[in-house]
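The values are calculated or read from the model by the stated rules, or taken from the named source; none is laboratory data. These numbers come from a predicted model, not from an experiment. Virtual Cβ from ideal backbone geometry, glycine too; neighbours counted across all protein chains shown.
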Amino acid sequence: MLQTPEKRVFLGVDFGASTTRIALLNPVKPMPTIVRNDLSNEATSTIVSYPINEARCIGEAAFSKQITRVKETVVDLAQWLFGWSTGFVPDGTSTSQRTAESSEGTLCARVIGETEFHPAQVAGYYIKCILGFVPGGYTGQYPVCLSVPPALSAPAVVALHQACFLSGIPKSQTILAPRDEAVAVYFHHMQYGNLDEKTPSHVVFVDVGHASSSACVFSVTKNTIEKVGVHSINIGSSFIDASLCEYIVNEIEKKHPQCQLSGDVKTCRRILRECKKLKETLSTIDETKIQLEGLKNDTDFVLPITRSFVEQRSIPFTEALQGMLQEVKKIIPSPAQADEEQESNTVAEPRVEVIGGGWRFPCISDLIKRELGVSRLGVSLDAVMAIAEGSAILAELRTHVALSSGSVDEKCESKDNEEVGEPQQAQETKESAVRASDRHPVHQVSLLNFSDGGNDLKQFSAEEEAAVERWAAIEAKLSATDALIHERLDAINQLDTYVLQTLDAVDHCDADNTTKDAARSYLYGIDDYVRSECNNDDKDIIHAKLVEVKAHIEEKHPEIEKYYEKVRVEAKRKEEELIKLSQQQKEEDEDLKSDPQRLRVAQKRREQGQNLFKQECWQEAQTRFVQALAILGQLYDTSSEENKTKKNEISLSCHLNIASCSVKLGLWRNVINNCTNALELSPNHPKALFRRGQAYLSMKDFDAAVKDLEMARELSKDDPAVVAELTRAKKSLGAQKAQEKRMFAKMFS
């Protein structure tokens, strides 16, 4: 039975070459929301690692292993699944392949670690993991639309369906949609209020992605989205990164013959990452340098790179892009073609919207303008969210179309069912029609010339079905192994946490030194056991060890339990105080009707923050200072000298206090921002200069740190704390300059 509108939601997945995003749409609302991962990030790196003797991982956890666990980590999952070349890889560094890619697009199997895998297996695991970020989890209860490149080989389509099935998405709930169509529906929904009901807007979407590029033309009105055509190439901006990497590797081997990098995947991946940063830097400046330290045989390497040189290396890519744009230009409707019955000047001129990171490089953006004959490129689309959110919208639109198109057949079937006493299906069809009326108006749009959503793949072949069954069995075993590893790690972490917390309690509890030394000696022995990976014991033995340690501490050191009780009482007191403060805040916020009231409440928030800071509640204190600044921003009469003076006084104090909280929390960028705000209110404020200098020092911006700390020292009359930080900063700056000098000396030797 179909879900009610409140519960029926739709998922969109932007399965990208570098990162993947997922969005969730409730059809009663106009736009989807992005689902954050377990690190609260909106994007998850499309990287998977199968480390030997460790649990599998994806995203940032796998990203950290791409250098240390090279042969066990897949950094090109999307390209592998789609059957594309991943660009430059030095000789000897390619992953083991069993099946060469044929002209029909047969996908390769790879050896990851010590086991051979098909891309559908790895992608299935990855998709299953990211679906785990959905609130409440995903158990196949609603449709999922995955965005894919516009042109995929038949084997790639099959592999995607197999991956989705392995991840737990039922075949009936799986939708594959070209990226260009996801972008088009996202554009329609974002521009809905500006679209005409009859006169179409002709839009060219140019997507210069990491691994592929496409250009498509759509004709859009309030009620229809018509796909005019699309052209794509299986090459993206990563070609520039790979080309630069190839050049730099060759230059290193020329300059340092002892540093042969062929076959050294770890170093080549490191250089490739630096090339990506280099390309981004050269999109805004004309020249920079790549600086690599500690290569083979302790080799350092510095090489100047200009934007014009990168443009020369990019020619094969830009030529392919040019050909694609020339083809798409042929299908852009002219005003007369758009509607022969209308006056040509009533039809909107085509607009060009760009997404994907590759278009930002100057030679590429200039190429797009030149080939499509426009003076500017539109950037109204959210390049980060557009495809994921558009995919979620497409999931809803396609599901609604499927229900609508099947209504006639369902009605016929319902009559037959009624004859045998089964009227249920007729009732469900009627209910779904009612629920469809509750959709947000923006979803009431017809899709013309769109793809079928990949739903033409009704069944796998016998061979494909057998492969899926075999892979599902392998995945079940791997998942069980992962679970055991995670359970054991959790047991180790519990024991480790208890030991560390108890050692801290020993330092603070009321006991004599002899008793404390005895407790420490016992706990250090347990800590050695933890550091030795618990002697490879299983989780049950580790749990038993934790119970044993707790029993020993409770029996031999009751003063520690007394300390814990004292801590619990204090924590409860703080919690009650915070609840009381929150209630006061709610009451005060309701009564902010005049400037004197606002100033009084802002001052009170500042005082609350200062009290919380003294209690070492850094985050809560920072929140109060931020609230005070927000209230000050609501002052009506900012021309009043009295209001202005009081506002500046409270603001200065709050910015300085936020900086102090951020120092405690290690939020160095926040320290810099708030100290800068404080210096705008009070130039040459010694405390602001000192805190900002500390932050610059922690972020390794030694020049800026020395500059601020020098001024702080002069203004504070050689305050010892300032002098100590300044000494550290100067020492670090000197070491940095000495290192740069050595590198340049090697470069020109």
Quiz item: Within the range 165-203, how many residues turn out to be assigned by TED's automatic domain parsing to the domain that holds residue 137 and among the basic types (Lys, Arg)?
Solution: 2
Quiz prompt | From 580, 574, 539, residue being out of contact with any Asp or Glu (no Cβ under 6 Å at 6 or more places or on another chain) and surrounded by 13 or more Cβ atoms within 10 Å (Cβ to Cβ) | solution = 574
Exercise. Give the range 551-594 a look and list any residue that's modelled with pLDDT under 75 and of a type in the set (S, T, N, Q), or say none.
Key: 582, 583, 584, 585
Exercise. May I ask you to list the residues in the range 431-470 that are at pLDDT below 75, farther than 21 Å from residue 392 by Cβ and assigned to a helix (DSSP H, G or I)?
Key: 431, 433, 434
Practice problem: Considering only residues that are more than 23 Å from residue 374 (Cα to Cα) and crowded, with 21+ Cβ neighbours inside 10 Å, look in the range 190-211 and name the one that is farthest from the chain's Cα centre (by Cα). | Solution: 211
Quiz prompt | Failed item in (1) closer than 26 Å to residue 577 by Cβ; (2) modelled with pLDDT under 90; (3) out of contact with any Asp or Glu (no Cβ under 7 Å at 6 or more places or on another chain), with residue 597 passing the rest | solution = (3)
Quiz item: Looking at 294, 263, which is the one that is loosely packed, with under 12 Cβ neighbours inside 10 Å, in the same structural domain as residue 357 (by TED's automatic domain parsing), more than 20 Å from residue 209 (Cα to Cα) and modelled with pLDDT under 90?
Solution: 294
Exercise. List every residue pair whose Cβ atoms lie under 6 Å apart, where the two residues are 6 or more positions apart in sequence or sit on different chains, the first residue falls within the range 561-575 and is part of a helix (DSSP H, G or I), and the second residue, located anywhere, is aliphatic (A, V, I, L, M).
Key: 563/505
Quiz prompt | Candidate set from the range 334-364 (those that are under 37 Å from the mean Cα position of the chain (by Cα) and over 30 Å from residue 292 (Cβ atoms)); member that is modelled with the lowest pLDDT | solution = 348
Quiz prompt | Pair list, Cβ under 6 Å, 6 or more apart: the range 480-491 residue within 15 Å of residue 535 (Cα to Cα), other residue of a type in the set (A, V, I, L, M, F, W, C) | solution = 485/55; 491/542
Quiz item: For residue 559, are the conditions met, namely being among the charged types (D, E, K, R) and loosely packed, with under 11 Cβ neighbours inside 10 Å?
Solution: no
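Results for (1) assigned to a helix (DSSP H, G or I); (2) more than 29 Å from residue 118 (Cα to Cα), shown as yes or no for each residue.
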| site | (1), (2) |
| --- | --- |
| 472 | yes, no |
| 483 | yes, no |
| 487 | yes, no |
| 490 | yes, yes |
| 494 | yes, yes |
| 497 | yes, yes |
| 501 | yes, yes |
| 510 | no, yes |
Practice problem: Considering only residues that are at pLDDT 85 or above and of a type in the set (Phe, Trp, Tyr), look in the range 608-665 and name the one that is farthest from the chain's Cα centre (by Cα). | Solution: 613
Exercise. May I ask you to list the residues in the range 532-558 that are over 20 Å from residue 502 (Cα atoms) and in a helix (DSSP H, G or I)?
Key: 535, 536, 539, 540, 541
Quiz item: Does residue 713 meet the test of being touching a residue at least 24 places away in the same chain (Cβ under 8 Å), touching a helix residue (DSSP H, G or I) at 6+ places or on another chain (Cβ under 7 Å), buried (at least 16 other Cβ atoms within 10 Å of the Cβ) and in the same structural domain as residue 608 (by TED's automatic domain parsing)?
Solution: no
Quiz item: So residue 149 clears everything in (1) in contact with a strand residue (DSSP E or B) (Cβ under 7 Å, 6 or more places away or on another chain); (2) surrounded by 22 or more Cβ atoms within 10 Å (Cβ to Cβ); (3) over 30 Å from residue 479 (Cβ atoms) except one condition, right? Which one?
Solution: (3)
Self-check item: Subset of the range 678-701 (residues that are part of a helix (DSSP H, G or I) and either over 30 Å from the mean Cα position of the chain (by Cα) or outside the structural domain of residue 658 (by TED's automatic domain parsing) (or both))
Solution: 678, 679, 680, 681, 686, 687, 688, 689, 690, 691, 693
Quiz item: Among the residues of the range 629-677, which ones are in a helix (DSSP H, G or I) and acidic (Asp, Glu)?
Solution: 641, 642, 649
Quiz item: What number of residues within the range 625-679 are farther than 20 Å from residue 709 by Cβ and among the basic types (Lys, Arg)?
Solution: 3
Quiz item: Of the residues 160, 176, 152, which is of a type in the set (A, V, I, L, M), at pLDDT 90 or above, under 23 Å from residue 385 (Cα atoms) and not in a helix (DSSP H, G or I)?
Solution: 176
Quiz item: Inside the range 189-232, can you point out the residues that are touching a strand residue (DSSP E or B) at 6+ places or on another chain (Cβ under 8 Å), in a loop (DSSP other than H, G, I, E, B) and over 30 Å from residue 277 (Cβ atoms)?
Solution: 191, 195, 200, 221, 223
